[in-house]
1. Pull up the cross-link candidates among the lysines for Lys669, meaning alpha carbon to alpha carbon under 23 Å and not fewer than 8 places away within one chain.
2. Just to confirm the number: angle between the C-alpha axis of helix 139-168 and the first principal axis of the chain, 0 to 90 degrees, nearest 10?
3. Based on alpha-carbon centroids, what's the gap between the stretch 340-364 and the stretch 401-450 in Å, whole number please?
4. Evaluate the Debye formula for the chain with equal point scatterers sitting on the alpha carbons, no solvent, and hand back log10 of I(q)/I(0) at q = 0.09, 0.11 Å⁻¹, in q order, two decimals.
5. Positive end of the charge dipole of the chain (Lys, Arg +1 and Asp, Glu -1 on Cβ, about the Cα centre): tell me which of Leu619, Phe50, Ala293 has its Cα farthest that way.
6. Pull up the cross-link candidates among the lysines for Lys625, meaning alpha carbon to alpha carbon under 28 Å and not fewer than 8 places away within one chain.
7. From the phi of every residue in the stretch 359-371, what ³J(HN,Hα) in whole Hz does the Karplus formula 6.51 cos²θ - 1.76 cosθ + 1.60 yield, where θ is phi - 60° and glycine or proline is x?
8. Taking the chain as the reference, fit the longest principal axis to its C-alpha atoms, fit the long axis of helix 625-634 to the helix C-alpha atoms, and give the angle between the two in degrees, 0 to 90, nearest 10.
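The values are calculated or read from the model by the stated rules, or taken from the named source; none is laboratory data. Values in this document were obtained by computation on a predicted structure and should not be read as measured data. Using ideal geometry, Cβ is built from the backbone for each residue, glycine included, and neighbour counts are taken over all protein chains shown. All accessible areas refer to the heavy atoms of the entire protein, side chains included, with ligands and DNA or RNA removed. Shrake-Rupley method; radii C 1.70, N 1.55, O 1.52, S 1.80 Å.
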Amino acid sequence: MSDPGTRSQKVKAASPHASPSYTSTQRWVAVAYGGASHALFGASVVTMFFSLHSGLSWGLGRFSGWWRLVANFLLLAQFAAVHSLLLADRGRRWMGGLAPFGLGRALSTTIFAGISALQLLLVFLLWSPSRVLWATPTGWCLYALDALYAASWLLLAKSMHDAGMDVQVGSVGWRSVWRNESPSYKPFSRSGTFRHVRQPIYLSFALILWTAPVWTPDHLYAAVLWTSYCLAAPLLKEKRYLRYYGEAFARYQNSVPYWVPKFRCRPQGVTPVPPAEYDVVIAGAGPVGLLLANLLARQGRSVRIFEKSEGHVRPSLAIGITPPSLEILRTLGLDVELIQQGVFIDRVMVHGQTGLLGVCDFSKLEGAYRFVLSIPQHVVMKVLHQNLLKYPGASISYGTEVKALTQDASQVTVTVSGAQDDVVTCRHMVACDGSRGRIREMLHIRSHGGSYGCHFIMADIPDHSCLDREAHLFFTADGAVESFPLPGNMRRWVVQTEAAVTDADATALMEIVQQRTGICVSPSGVTATSSFSPRWMQSETYGDGRVFLCGDAAHVMSPIGGQGMNTGFADAELLALTLLSMQDDPQPSTARAWSSAYDRIRSKASRIATRRAAWGMKLGTMRGKLAALARDLFMREVLFNPGMARTLASWFSMTSIPARTLSHIPEDKLPVPPRT
């Protein structure tokens, strides 16, 4: 136990974000609702699977003749009618009164899933079978139909997963109460099966009805009626979505078929393009936005950047430029200038609880850049900003923020606010406004994310440590300490803390460094100390019509090592080519092909980078003596095994990320080969 009087107590835990505060009774009631709902859901799925597979040849109903038809019709109709009514606004309000202690609204998805499951159970348990058998396949025919039936169920599961399984099965409701959180509902899905049809869940449900192998009059009766419902009901759902999401959903409707995937084989005519004020408008003048603007302006495009901050000089965030990013910057002739202002990191010394574990040596890399360049982000931004000024078609407006946007088939209209509101038009727009930017929300693009569950404070301090020009990572039982050289004889120190911090204190940071590493750091000349709690985020799609996401607006990962900024640089390079190609050949088919290629290639690369960052973060932030000793053994014997040396260096330097630059994208992955 540490002495409560030490100065390290200045590192105080941050207060949590405001959230609902549920009592113990409310939380256990929510769990009970969740358990009942999931039990009903499981029972309904099993019952439906075997009932349809047998052609609805059994049930507890005892009606016959015309009464059997009426009774079975009412069973089928009650599911369709009540299901649709509960999804309407009035039905949602009614469900709000079905839980005690004021939990109705929070548990609405849980209640809805439970009621829907109960309805399905009633259909199949109370069914009155005709006892007439038309066809029972055997042999290979049965195997083939069983395979199709199973595939239809798998397609339904995949569609529900793409739509958000937590909402589909109702877990989002009771889990949010249990965690003292507000339920989080995402916009409509545009990923997975929803890329091909707008209603994959209803389509899958219909396929299940028609692929069940045993055919009876009951099977045909249910298949016809429920397929009609599956065709008609989504029309009401889409009306609600148009009301909620406006033109974002309307664009989705225009680009994705309703129920049956279609293949666009016929040639498309060129839509006349009215003149716009700018070729491209970029929201955000961070390093990624500035790089994209440079790449576009270099090709003669008119570019306007809107940045809500008042100037381009900001505190240093990312500090590492990897070899792939230096290759991209070389196309602008900026690699040499940045190298002259930065510091080479060609070795990373990794220390553990038991001493030095190994060395990650970048000098073994292939290519012209066998190092990671350490240079403050604000210096990179200054160089990119100055270079942009030499292009007459480029301009930046500071102190302005994008407030609204609309788009049609030919251009984007952007409303910005600053000293006074203004409206500009452009052929394409790019959101480089960061992970908390508003443009992704304006487009109603879904994102998935979470926290790494660890916290840090950092500061840039004059270097009197005798650590030379090498980076040092210290993974101890009490937490991680990371140290990177900076230009001007400075060094960045990053220390892991037990809880989130609101008032980061340099003195406390230095005390932690000395406690965990034995290195004494002088407090003189410390620049601003900051704190952060890393998180990750992935957008489901990187483009919507003529608007694209780039950099942190599209994805977020651990900031340590600059993975996010460098992944954003690769986004910018491919997006620049995408926009140039779309504007040079404005046919709709060309736009679709390039937009799809950018989304597919960059989302895959960012997912890999995010996954690697998560692995590294989890490994380095493990706490406790047993965990530290196990980590030391793993890193010394596996990661720093001589056979892993080049692989480890390529991972940390991001030189093994696919599509890290245009030159590393196979030509068959792009609509046309990249221009030279």
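1. Within the straight-line cut-off, Lys669 pairs with Lys262, Lys604.
2. The answer is roughly 60 degrees.
3. Using only Cα atoms to place each centre, the spacing works out to 41 Å.
4. -0.92, -1.21
5. Among Leu619, Phe50, Ala293, the one farthest towards the positive end of the dipole of the chain is Phe50.
6. Partners found: Lys10, Lys12.
7. Values per residue, Gly and Pro as x: 10, 8, 9, 6, 5, 8, 5, 8, x, 7, 10, 9, 6 Hz.
8. Between helix and principal axis, roughly 80 degrees.
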